[in-house]
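Trainee: The structure follows.
None of the figures in this text is laboratory data; all of them are computed from the coordinates on show. All values derive from a computational prediction rather than experimental measurement. Please note: Cβ atoms are built from the backbone with ideal geometry, for glycine as well, and neighbour counts cover all protein chains shown.
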Amino acid sequence: MKQLLTASLLWSALAWSASAAPVSLDGLIQRALDQHPSLQAAQQSAAAQAERVGAAQAPNLPQVNLNSSLQYSTNLSNAQTSAQPFALSTAGLSLRQQLYDFGKTDSEVAIARANADISLLAAQNQAVDVAYGVRQAYLQWVRAAQIERLARTRLDSASRLSAQAEAFWKAGKRSKIDATRAAATLAQARAELIAAHTGVEQAQRTLSAAVGQEGLIAGEPAFPAPPAETSQPLATLEQTALERHPALQTSAVRLHRADATLRSAEKANLPDINLDVNYGLRARDMTPGQNWTAGVGFSMPLFNGFSTDRLRSAAGSELAATEATARDQALQVRTGVQKAYLALSGTRDRLPASQASVSSAQENLALAEGRYQSGVGSIIEVSDAQALLASAETDFVRAQTDYHLAAADLLRAAGLTGISK
């Protein structure tokens with residue numbers, strides 16, 4: 001029943017723009033997701049973090065260096081010197097291969113992967129914000145355009161009333177005050193139309209910025225169909241948010257990173273075992289000689305000023321803090337979805353009353369105009385009826401806007417863009 005009622009209300013709101021297909025909100029959101037600078041920046045940051053995963057894996061691969069030097073010296077050895085300086089040149093290759101580090105490199109790789117995942121989720125969260133910003137700006141454009149349409153209708157009505165009052169006055173049927181009052185109402189309607197048109201232009205520029213483009217969005221807007229996600233039960237929306245919200249996924253990845261940091265700190269006192277191979281040429285006064293070494297090295301920290309203990313303690317505290325933050329984040333997301341769902345239900349329930357107010361105001365204006373034309377009613381009745389209708393129509397536009405804004409709020413609270421990929 002609610003879906004049928006909402007559909008009928010939206011159809012009545014869209015009737016004025018039926019002559020041309022309205023600008024697609026989904027198309028604008030997709031365009032923003034493809035081109036918005038803030039989202040592109042977030043995606044590039046995620047790509048940079050992904051490359052750092054490979055850098056963290058580098059110690060597992062051979063490290064090869066080229067060394068070369070040329071010097072003049074009189075030093076033959078630690079105990080001998082030469083009376084004449086001589087040229088000494090060296091060139092060689094060195095290779096180090098990590099054999100085993102007790103999982104320290106693996107922990108660093110896990111931390112780098114977590115950082116990359118966090119950056120990727122930050123880009124996804126930015127996409128949700130970009131989509132939400134486009135929805136907000138588009139709906140404000142719709143509201144401004146409909147208010148402008150209503151202002152034009154009021155101007156036409158005020159023009160007809162002013163012409164009729166002027167004709168009645170000249171025919172001696174009404175007093176001069178009727179024509180004067182109608183002229184004032186007409187001037188006010190013109191001012192309202194100018195203000196409404198300015199509001200449309202401002203809304204268009206806001207929407208262009210939200211989409212991430214410089215030129216204005218061309219075409220006519222209209223209230224879109226409610227996103228399919230907003231018709232789901234509250235329990236389903238809560239579950240979707242808990243499973244897919246980028247903020248909650250980020251909290252889970254932060255837990256993995258904190259755990260990897262703790263494991264890395266716990267392994268800091270363990271040894272490193274490396275294979276070292278060096279080969280080179282050593283020449284004195286252009287007389288070459290070969291030199292090479294090969295061996296296995298063992299390195300283990302014995303005392304570093306309790307730095308490792310401090311880092312281990314800090315990593316444990318960070319893990320506990322991250323767990324608490326994750327629980328708090330889940331609570332906030334669930335509460336946000338519940339509040340947005342209730343707000344959407346409230347705005348949906350207000351729509352029938354708002355539309356009924358418009359119908360009553362239209363009937364009241366028709367009666368007032370009929371009384372005035374027949375010479376029974378006064379122009380004050382007509383002016384009051386016009387003002388009542390203007391207020392009711394504006395409130396109905398705002399009620400529809402509030403409903404769609406509440407739907408956008410619900411999508412954002414659930415961490416959704418509302419766009420199928």
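Trainee: Can you give me the convex hull volume of the Cα atoms of the chain, divided per residue and expressed in Å³? Kindly include the intermediate steps, with their values, before the conclusion.
Mentor: Numbers: hull volume 102.9 nm³, N = 421.
Hull volume normalised by residue count: 244 Å³.
Trainee: Here is a further query. Direction-averaged shadow area of the convex hull around the Cα atoms of the range 297-379, nm²?
Mentor: Details: hull surface 53.8 nm².
Mean shadow area of the hull around the Cα atoms is 13.5 nm².
Trainee: Summing -39500 (n - 2.57) over the DSSP H runs of n ≥ 4 in the chain and dividing by its residue number, what mean residue ellipticity at 222 nm do you reach, to the nearest 500 deg cm²/dmol? Display every interim value, and only then the final one.
Mentor: Numbers: 9 runs with 282 residues, N = 421.
Result for the chain, helices only: -24500 deg cm²/dmol.
Trainee: Hey, could you pull the Cα Rg and Dmax for the range 91-140, both in Å?
Mentor: Cα only, the range 91-140: 21.9, 71 Å (Rg, Dmax).
Trainee: Going Cα to Cα from K176, which aspartates and glutamates come in below 20 Å? Please leave out same-chain ones fewer than 8 positions away.
Mentor: Here the aspartates and glutamates satisfying the reach criterion relative to K176 are E166, E369, E381, D384.
Trainee: By count of other Cβ within 10 Å, fewest leading, how are K267, K176 ordered? Before the final figure, lay out each step's value.
Mentor: Values: K267 17, K176 11.
Ordered from fewest to most neighbouring Cβ atoms within 10 Å, K267, K176 come out as K176, K267.
Trainee: Mind checking the log10 I(q)/I(0) for the range 190-260 at q = 0.16, 0.22, 0.23 Å⁻¹? Debye, one equal scatterer per Cα, no solvent, two decimals.
Mentor: Here the Debye-derived log intensity ratios amount to -0.83, -0.96, -0.99.
Trainee: Principal axis lengths of the range 186-309 from Cα atoms, whole Å, largest first?
Mentor: Largest first, the range 186-309 extends 104, 53, 32 Å along its Cα principal axes.
Trainee: Now for a separate question. For the range 317-324, just list the computed ³J(HN,Hα) in residue order, Karplus coefficients 6.51, -1.76 and 1.60, θ = phi - 60°, integers in Hz, with x standing in for Gly and Pro.
Mentor: After applying 6.51 cos²θ - 1.76 cosθ + 1.60, I find 5, 5, 5, 5, 5, 5, 4, 5 Hz.
Trainee: Quick check: the distance between the Cα centres of the range 203-277 and the range 87-144, to the nearest angstrom?
Mentor: For the range 203-277 versus the range 87-144, the Cα centre distance is 13 Å.
Trainee: In the calculated pair distance distribution of the range 346-398, what percentage of Cα-Cα distances lie above 17 Å?
Mentor: Details: 525 of 1378 pairs.
Considering the range 346-398, 38 percent of its Cα-Cα pairs are separated by more than 17 Å.
Trainee: With the chain treated as a Gaussian network of Cα nodes joined by springs under 10 Å, which of A116, A209, A320 yields the largest mean-square fluctuation?
Mentor: Of A116, A209, A320, the most mobile in the Gaussian network model is A320.
Trainee: With axes computed from alpha carbons, what is the tilt in degrees of helix 379-413 against the longest principal axis of the chain, rounded to the nearest 10 within 0 to 90?
Mentor: Once rounded, one gets 20 degrees.
Trainee: If you don't mind, there's one more thing I want to ask. For Q44 and Q373, FRET efficiency with R0 = 56 Å and r from the beta-carbon atoms, rounded to 0.05? Could you put the intermediate results ahead of the total?
Mentor: Values: r = 68 Å, r/R0 = 1.21.
FRET efficiency, Q373 to Q44: 0.25.
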